[in-house]
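Have a look at the structure below before the remarks.
The values are calculated or read from the model by the stated rules, or taken from the named source; none is laboratory data. As the structure is a computational prediction, the values presented were derived from the model and not from experiment. Here the Cβ positions follow ideal geometry from the backbone for every residue, glycine too, while neighbour counts run over all protein chains shown. For accessibility, only protein heavy atoms count, side chains too; no ligands or nucleic acids. Shrake-Rupley method; radii C 1.70, N 1.55, O 1.52, S 1.80 Å.
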Amino acid sequence: MASLFQPLYAPQRTRTPTHTHPILLPSRSPSSWFPVTNRANIAAPHNPIKLNCFKTKASSTSAANMATEKQVQVFDSEEALSVSLAKYTADLSQKFTQQKASFTVVVSGGSLIKSLRKLVEAPYVDSIDWSKWHMFWVDERVVPKDHPDSNYLLAYDGFLSKVPIPPGNVHAINDALSAEAAADDYETHIKHLVHNGIISTSETTGIPKFDLMLLGMGPDGHVASLFPGHPLLAEKNKWVTFIKESPKPPPERITFTFPVINSSANVALVVAGAGKAHPVHVALGNGQEPEPLPVQMVAPEGQLTWFLDKDAASKL
């Protein structure tokens, strides 16, 4: 695995980032019922959060769901959700950085990055040990990193440009490759980090075990770039795969597969807005779909926490 890095400079923007050094990117060659726990102490000072918790019905899609510890939190607003998500993430960061030399975090695109905005504010921006963070993407559009569709660009604008994560700890795809080659290259890079002890592995499967996976969900119930009815839902062997005919543009993407997603120590599903109430109802309530939705297949070895605003939870 090559160790050289090439600088990627942020495009011009109207706001000024809190630090200006470029993010450096690796130059790589292709190579039943569940208990629900009420986290009662997460309200921010002067901003009380109304928190409701639901029992959640087991999905019949996989026996693995039976072993997943699941929490469901509902907030009065997306703002309150963001406050809680920041504390949740900061608490996990502190836990893992006290235990080991790295904290491996996987993010998605979409509205998830906006919901992380409280992490770049006090008290977290100054108290988190950013030097141990390693950041990955659960999926990425195969476009240049300065393209408006890039999940990297979205994360840079809303998060990476505001926190001092070491440039070498930001693990983006090689967008100069084809979708298939970029997926293979990203999997090879992850294997390299597993070999070096940066990423843990599942004791039961040997699959990469990321410390925290932060996922959004689409109105159709998709997660990552795993869409309803798509053959990739059944992928068991690859850690990272590709799609060339995404039902949502742009068409070419790379994505983690469910074996990797479900190997995670912690998964947060962050969902806001009335437009996503139906798949939430299907996943957590009595809503019906002819086939299981991708979000119903999220069943990590560790803990699954749903962060919902009241609009997303309106049908529960």
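The distance separating the Cα centre of segment 111-165 from that of segment 237-316 comes to 20 Å.
Spin-label model, ASP149 to GLN288: label points 7 Å out along the Cα-to-beta-carbon direction sit 3.6 nm apart.
Residues ASP309, ASP149, ordered by accessible area of protein heavy atoms at a 1.4 angstrom probe radius and largest first, appear as ASP149, ASP309.
Counted residue by residue at 0.36 nm each, then reduced by the alpha carbon distance between them, the extension gain from GLU121 to GLN94 reaches 8.1 nm. When you filter the trypsin sites (Lys or Arg not before Pro) in segment 212-261 for DSSP loop state and at most 11 other Cβ atoms inside 10 Å of their Cβ, you are left with LYS236, LYS244.
For the residue pairs LYS191/LYS248; LYS70/LYS132; LYS114/LYS244; LYS87/LYS276; LYS191/LYS276; LYS118/LYS209, alpha carbon separations beyond 32 Å are given by LYS191/LYS276.
State whether segment 208-290 is rounded, prolate or oblate according to the following rule on the C-alpha gyration tensor (a ≥ b ≥ c being the square roots of its eigenvalues): a/c under 1.5 gives rounded; otherwise a/b larger than b/c gives prolate, and the remaining case gives oblate. It is oblate, given that a/c is not under 1.5 and a/b is not larger than b/c. One quarter of the convex hull surface built on the alpha carbon atoms of segment 152-265 amounts to 7.9 nm², the projected area averaged over directions.
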